[in-house]
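Asks: Dumping the structure here so I can ask a few things about it.
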Amino acid sequence: MTLADEPGRDDALAARDLAPQRRARILSIVESRGAARLDELSVTLGVSQATVRRDLDELGAEGHVRRVHGGVVAVDERTGEPHFEVKAAKAAEEKERIAARAVAMLAPADSVYLDSGSTVLAAARLLRGWDQLTVVTNSLPVVVELAGRGPRLIVIGGEFRATSQALVGPLSQHLLQNIHVATAFIGSYAVSLDDGLTTTDPAEAFTKKLALERASQVVLLADSRKMGEHSFVHAGQLESVDVLVTDTGIDEGIVRSLERRGITVIKA
């Protein structure tokens, strides 16, 4: 009996030959949704979860996706920026403390802009039941969190960006230039004394700059690991920020520099 006649050999070869097409389909699904669960991919592709795991391991090793518990999330290959769900899992306790301290600054009948970002989302979770509050946001996770749960909710338009789960770009200008809020809770991918707020995507930077201009008070929510870091595109001047809420790990030299610029630093 030849090797070609061995039982199961043709099936194994066929499965190997189909792997590139299957991985391309997985990548297409993840990029379109931003994330996907292991069990969903198994059903959609008609293969075992073990096969999907091997495919995800290969795609992860190539830097196309990032594995998370129970599934996978997209990575913006132009910038290396992880998907929203990955960022949300980092420094979760610090972000919750920062969020609670920021929310304590709000009055029940305020108007507040909630930017995209995992720390701002943590603040949104604390606003359930605030039925006198008006929330303006470009963050779809914030919309899901607060829809029908108290605050009046105004959602700006724009192009959907899967990596940050936000509506961004020039289409957001029409609404933002016609509103004014008491407070804006702003997130940032990176913050530095030289470059101010920076992020990975020009469209996201465009919308963030507009939001900075439309608030009486700008509160930056950023954990200490973002301080002193730089990213691809400028998203706002430090002079636009009134208050920084961060964690106790922030460098005291940075604190002093920010305070000299008139920024109140609150360590949660």
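Computed from the coordinates by the stated procedures, all read-outs in this text should not be read as laboratory data. Computed from a prediction, not measured in an experiment: that's the story for all the values here. FYI the Cβ positions are ideal-geometry reconstructions off the backbone, even for glycines, and counts take in every protein chain you see.
Asks: Taking the chain as the reference, fit the longest principal axis to its C-alpha atoms, fit the long axis of helix 9-33 to the helix C-alpha atoms, and give the angle between the two in degrees, 0 to 90, nearest 10.
Replies: 20
Asks: If neighbour count is taken as other Cβ atoms inside 10 Å, put THR51, THR248, THR264 in order from fewest to most.
Replies: Neighbour counts put them in this order, fewest first: THR248, THR264, THR51.
Asks: Can you say what percent of the DSSP beta bridges in region 131-266, counting only those with both residues inside, are antiparallel? Round to 5. Walk me through the intermediate numbers first.
Replies: Working: 10 of 26 bridges.
Roughly 40 percent of the beta bridges in region 131-266 run antiparallel, per DSSP.
Asks: Computed over the Cα atoms, what is the radius of gyration of region 149-242 divided by 2.2 N^0.38 Å, N being its residue count?
Replies: Taking N as the residue count of region 149-242, the ratio is 1.06.
Asks: So what is the relative contact order for the chain, in percent, with contacts set as C-alpha pairs under 8 Å and at least six apart?
Replies: 13
Asks: Related question: Taking only Cα atoms, what is the 0 to 90° angle, nearest 10, from helix 92-103's long axis to the longest principal axis of the chain?
Replies: Rounded to the nearest ten degrees, it is 30.
Asks: Could I ask something else about it? Which angle from 0 to 90°, rounded to the nearest 10, does the C-alpha axis of helix 202-213 make with the longest principal axis of the chain?
Replies: 20
Asks: Return the percentage of antiparallel bridges among DSSP beta bridges fully within the chain, rounded to the nearest 5 %. Spell out each step's value before the answer.
Replies: Details: 19 of 43 bridges.
Within the chain, antiparallel bridges account for around 45 percent of the total.
Asks: Could you give the length gained by full extension between ALA61 and THR44, i.e. 0.36 nm per residue of separation minus their alpha carbon distance, to one decimal place?
Replies: 3.9 nm
Asks: Could you please rank ARG161, ARG260, ARG125, placing first whichever residue has the fewest other Cβ atoms within 10 Å of its Cβ?
Replies: With the fewest neighbours first, ARG161, ARG260, ARG125 line up as ARG260, ARG125, ARG161.
Asks: Using the number of other C-beta atoms within 10 angstrom as an exposure proxy, rank LYS226, LYS208, LYS267 with the fewest first.
Replies: Ranked by crowding around the Cβ, least crowded first: LYS267, LYS226, LYS208.
Asks: Another one. Go ahead and run the numbers for FRET between HIS234 and ARG128, Cβ-Cβ distance against an R0 of 35 Å, rounding to 0.05.
Replies: 0.55
Asks: Sticking with the crude label model, points 7 Å out along Cα→Cβ, report the distance from GLU259 to PHE160 in nm, one decimal please.
Replies: 4.5
Asks: Restricting to lysine pairs 8 or more places apart or on different chains, what number in the chain have Cα atoms under 21 Å apart?
Replies: Counting lysine pairs in the chain gives 12.
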